[in-house]
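Working notes, structure below.
The values are calculated or read from the model by the stated rules, or taken from the named source; none is laboratory data. These numbers come from a predicted model, not from an experiment. Here the Cβ positions follow ideal geometry from the backbone for every residue, glycine too, while neighbour counts run over all protein chains shown. Side chains are part of the model used for accessible areas, which takes the heavy atoms of the whole protein and leaves out ligands, DNA and RNA. Shrake-Rupley method; radii C 1.70, N 1.55, O 1.52, S 1.80 Å.
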Amino acid sequence: MARMHTRRRGSSGSDRPVTDEPPEWSDVDADDVEDRVVELAEDGYSPSEIGQKLRDEGVTGTPVPNVKLATGKKVTEILEENDAANELPEDLENLMVRAVRLREHVNENGQDKQNKRALQNTESKVRRLVNYYRGDKIDEDFTYSYDNAKELLE
């Protein structure tokens, strides 16, 4: 069991049903789904938020339980094809936002040891993800620093 920075166990949830075709009650056109994905991305939604909106609201009133089953492509693939993808992968961006917020908090509250540790752990995760994505999704010479992160997120 891999515990990153905590003693708690991971949360378990239900698994998706194993299927390779969308349910018959969700008969939306793949092109409509792709158009809606691009539209939501232009409105500023992240790939995971787009998936939730399509699941909850759907396209023309019909929910889309799984974008990949409906279109044959992941949300991120659709965004890359239409040049609507973010510069950074979503998980890395979320961790950087958290690290920047924690750094600003720790600078104002130097006595907050618990959040100093949280900042160290978060920046450690960011560096690990940067190494994972380096050369593929981010520049080969990119290194994480507070200033780089703040600049990228603005």
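Before moving on, here are some points about what is shown:
- To put it simply, the accessible area of segment 30-82 at a 1.4 Å probe is 39 percent carbon and sulfur.
- Qualifying GluC sites (Glu not before Pro) in segment 62-117, DSSP loop, other Cβ atoms within 10 Å at most 11: 87
- Rolling a 1.4 Å probe across the protein heavy atoms gives segment 88-147 an accessible surface of 65 Å² per residue.
- Candidate lysines for bridging to residue 53, where Cα separation is under 26 Å - those fewer than 8 sequence places away on the same chain excluded: 68, 73, 74, 137
- Rounded to the nearest 10 degrees, the angle from helix 90-108 to the longest Cα principal axis of the chain is 30 degrees.
- Surface composition of segment 90-152: carbon plus sulfur atoms hold 41% of the accessible area, using a 1.4 angstrom probe and ignoring ligands, DNA and RNA.
- Accessible surface, segment 30-82, averaged per residue in Å² (probe 1.4 Å): 54 Å²
- Hz values of 3J(HN,Hα) by residue in segment 65-70 - Karplus curve (6.51, -1.76, 1.60), Gly and Pro given as x: x, 8, 4, 5, 5, 6
- Our analysis of the chain gives Rg over Rh at 1.04, with the two radii drawn from alpha carbon positions and Rh computed by the Kirkwood formula.
- Reach of residue 113 by Cα under 29 Å, taken over lysines that are not fewer than 8 positions away in the same chain: 125, 150
- Comparing 146, 105, 126 along the charge dipole axis of segment 90-152, the residue lying farthest to the positive side is 105, per the Cβ-charge model.
- Between segment 37-88 and segment 126-148, the Cα center-to-center distance that results, in Å: 25 Å
- Residue with peak Gaussian network fluctuation, the chain [Cα springs, cutoff 10 Å], from 19, 62, 143: 19
- Packing-based order for 33-46, 124-137, using average beta carbon neighbours within 10 Å, highest first: 33-46, 124-137
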